[in-house]
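Below: one structure, written as structure tokens.
Bear in mind these aren't lab numbers, they're just calculated from the coordinates by the rules spelled out. Every value quoted in this text rests on a predicted model; they were computed, and no experiment measured them.
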Amino acid sequence: MKDRKNALLSAIINEHIETGNTVASKTIVDNHDFKLSPATIRNEMVCLEKEGYIYQPHTSAGRIPTEKGWKLFIDNF
């Protein structure tokens, strides 16, 4: 996985740990030092979702990590 996706997955998981809520692209932009637009973050989140690292519990919700995402986080971060 690319460095940017790893960093994004780490940010999503850290936000989820801190809040217990789903994580939206705007939350990532507001709380982390990504030099990316919310739209770019959303596109990367779609890729992470297709790869099975995060999922969206329902339409218009943020994302949360899957078991695969947690495993990668624990093994590498």
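What the table shows:
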{"item": "Kyte-Doolittle mean at least -0.5 and Cα axial length at least 15 Å: DSSP H helices in the chain", "result": "3-19, 38-50"}
{"item": "Value of Rg/Rh across the chain [Cα atoms, Kirkwood radius]", "result": "0.91"}
{"item": "Gained length - Glu67 relative to Glu49, 0.36 nm times residue gap less alpha-carbon distance", "result": "5.3 nm"}
